[in-house]
Amino acid sequence: MNHPNTQTSERRSHLAIDGGKPIRAEMLPYGHQSIDETDIEAVAQVLRSDWLTTGPEVTSFEEEFSAFVHAPHAVAVTSGTAALHTAAFAAGLGPGDEAIVTALTFAATANCVLYQGATVRFADVRPDTLNIDPASVESLIGPRTKAIVTVDYGGQPSDLAELLELARKHKLVLIEDASHAVGATYRGKRIGSWADLTTFSLHPVKQMTTGEGGILVTRHPELAARARTFRNHGITTDARERANAGSWVYEMVDLGFNYRLTDFQCALGRSQLKKLPAWLRRRGKIAARYMSAFALLPEINTPPVLPDRESAWHLYAIRLNLQRLSVDRTRFFAALRAENIGVNVHYIPVPWHPYYQALGHTKGQWPVAEHAYERLITLPLWAGMTDADVNDVVSAVTKVCAAYRV
Ligand SMILES: Cc1ncc(COP(=O)(O)O)c(C=O)c1O
């Protein structure tokens, strides 16, 4: 019988990080767009037409997207970040106001509050879903609070019923950053139909893309009108409306931005939207395969699946059970990268970034998000992954767990 230390070093010697053969020959990215010839043709058709921007494809994309998410109004903009900025403007955030934002997200979710001159209060997250914790939100509500900004982490919807109740009780605007959650449902209804303002990102790693792009949806016509004006410099009419009316007159009524998405990007969006339901099914299947494969590995915890909501599976973020491992997340991450599995980490808590630290957000105030951050690793998940790609991820995670098991 081998001495236990010899066994451990034999297991480790197979890891690519220690000079062994990697599971894959080439890096598998954590996210990737799916583009086919119909997408290319849709874009090319617009390039041959008269309208490259602010034309008919924008209107059609907005109509089709709003039908998909079951929200009456949609406003397409240049990025998910622009959609959040537009939402913060439409919500009326300004100097002296506060917005309560989840601590575990991409910086843009919080930055949109600062763009408007308002103040961010960071809330902690739920330990299972890593979505904003309504109890933490409630503890932060004060006389200056004007909005709650929640994120559907990884594609799993937030606790929308509880958040809407808090918003109604305290007369707050609920902004849902659904950058991860196009196509997700909560209590049987699509994300987009719940919050006062919902924003989506159309970046290539998301479920569907327009290159760069974003879209804001709402059921409130007055918020939609403010958003529409804001994305066009704060001007009430756009170039096509003026051309159609044969008029040069326009009025700037707000300080807006140029956040207009082009027609060829919207043509890509329309073409992608047709394939989105099949892509969401594929993402769900890959997540289910990971779930069953990893159920046997005590070294990792898989993301929870709640009965009243359906994730859109943008991210598959596992959490390491560090008590069962001889290494920390940094080493486990590096070992998976060496196997050519393109893992990532979502997210460094936003208040930990130097910019927010300089604003006085000291570490240690968000114990759940901070504990999770030290353990999180995002595995590859995108609709175009083959079954062999998925098996490579399972093999690599299983191999690294076995090597570092205590
Ligand atoms: C939660 C979240 N919010 C906002 C954004 C910003 O979206 P975009 O890159 O389209 O500006 C992202 C992008 O990754 C995101 O993940």
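The values are calculated or read from the model by the stated rules, or taken from the named source; none is laboratory data. Quantities reported herein were computed from a predicted structural model and do not represent experimental measurements. Positions of Cβ are generated from backbone atoms using ideal geometry, with glycine treated the same way; all protein chains shown enter the neighbour counts. SASA here: full protein model, heavy atoms, side chains in, ligands and nucleic acids out. Shrake-Rupley method; radii C 1.70, N 1.55, O 1.52, S 1.80 Å.
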key: Calculated FRET efficiency for the pair VAL253/SER49, C-beta based, R₀ 30 Å, to 0.05   = 0.45
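What do you get for Rg/Rh over the chain if you use C-alpha atoms and the Kirkwood form of Rh?
Reported Rg/Rh (Cα atoms, Kirkwood Rh): 1.01.
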request  = With the full set of protein chains in place, find how many percent of the accessible area of the chain is carbon and sulfur; take the probe as 1.4 Å.
outcome  = 54 percent
request  = Pop a pseudo-label 7 angstrom from the Cα along the beta-carbon direction at both LYS189 and GLU241 and give the gap in nm to one decimal.
outcome  = 2.8 nm
query = How large is log10 I(q)/I(0) at q = 0.17, 0.27, 0.28, 0.29 Å⁻¹ when the Debye formula is applied to the Cα atoms of segment 290-346, each weighted equally and without solvent?
reply = -0.65, -1.31, -1.34, -1.36
message = Once the cut-off is 17 Å, how many percent of the Cα-Cα pairs in segment 65-109 end up in the long-distance tail?
response = 47 percent
D (Stokes-Einstein, µm²/s), Kirkwood Cα radius, segment 149-214, 1.567 mPa s at 4 °C = 107 µm²/s
message = For segment 7-138, I need the span (max minus min coordinate) of the C-alpha atoms along each principal axis, in Å, sorted largest to smallest.
response = 63, 50, 26
remark   = Using alpha-carbon coordinates alone, the radius of gyration and Dmax of segment 241-304 in Å work out to 23.2, 69
task = Sticking with the crude label model, points 7 Å out along Cα→Cβ, report the distance from LEU322 to GLU64 in nm, one decimal please.
result = 4.7 nm
message = With a 1.4 Å probe and all protein chains kept in place, how much accessible area does SER395 have, in Å² rounded to the nearest 10?
response = 50 Å²
inquiry  = Can you give the longest run of the chain that contains no GluC sites (Glu not before Pro) sitting in a DSSP loop with at most 15 other Cβ atoms inside 10 Å?
reply    = 27-250
query = Cα-based Rg of segment 12-87 per 2.2 N^0.38 Å, rounded to two decimals?
reply = 1.84
task = Write down Rg/Rh for segment 112-243, rounded to two decimals, with Rg from the C-alpha atoms and Rh from the Kirkwood relation over Cα pairs.
result = 0.99
query = Under the Kirkwood approximation applied to all pairs of distinct alpha-carbon atoms, what is the hydrodynamic radius of segment 131-174 in Å?
reply = 10.6 Å
task = Send over a whole-number figure in Å² for the accessible area per residue of the chain, probe 1.4 Å.
result = 42 Å²
message = Considering the Cα positions of segment 191-253, please state its Rg to one decimal place and its Dmax as a whole number of Å.
response = 14.6, 41
ask   = So what's the projected area for segment 97-165, the Cα convex hull averaged over all directions, in nm²?
value = 4.3 nm²
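What does the convex hull of the Cα atoms come to per residue for segment 272-406, in Å³?
With only Cα atoms used, segment 272-406 gives 150 Å³ per residue.
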task = For the chain, set up a Gaussian network in which alpha carbons nearer than 10 Å are linked by springs, and say which option among ASP196, ASP39, ASP133 fluctuates the most.
result = ASP39
note = With label points set 7 Å from each Cα along the Cα-to-Cβ direction at ALA278 and ASN391, the distance between them in nm comes to 2.3 nm
task = Any chance you could get the radius of gyration and Dmax over the Cα atoms of segment 162-299, in Å?
result = 19.3, 69
